[in-house]
Amino acid sequence: MIGVEGIRFGYQLHPLPPGRFGFRRWRYELWHGNTLHAAGWCTSRRAAERTLRRHATSVGHALFGLTPSPDAIAAGEGEIPLGASVRVEAGAVTLTLVPRPVEQELRAQIA
């Protein structure tokens, strides 16, 4: 099988303050350049990391018109240490998740 390498996604993963009901939430965002592909929140950090990696795997395959196999999606499982770049080898696609600084985004919106 031929593999595709070099896809780079930006991500944000950070805790949100407690909501009305007092439970913690984790916000995630998946970016490819200036395009937001996925955003949302989960009730645990582990669930947010899993969702972020699964979205990255799906989008990485879709960029080339491929459908990820269940094995490729399962390869997307794993931890994302806060502020770290992570390499994901998911089937025919290898991608890198790179943290996207919130401060740079805020400066760009103000300017």
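The values are calculated or read from the model by the stated rules, or taken from the named source; none is laboratory data. Everything numeric in this text was worked out from a predicted model, so none of it was measured. With ideal geometry, Cβ positions are generated from the backbone for all residues, glycine too; neighbour counts draw on all protein chains shown.
Every test in (1) among the β-branched types (V, I, T); (2) surrounded by fewer than 17 Cβ atoms within 10 Å (Cβ to Cβ); (3) modelled with pLDDT under 90 is passed by V93 save one, and that test is (2).
At least 2 residues being in contact (Cβ under 8 Å) with a residue 40 or more places away in the chain and buried (at least 18 other Cβ atoms within 10 Å of the Cβ) is the threshold, and among the strands (runs of 3 or more DSSP E) wholly inside the range 1-83 those reaching it are 4-16, 25-32.
In the set (1) modelled with pLDDT of 85 or more; (2) in a helix (DSSP H, G or I), the condition left unmet by R87 is number (2).
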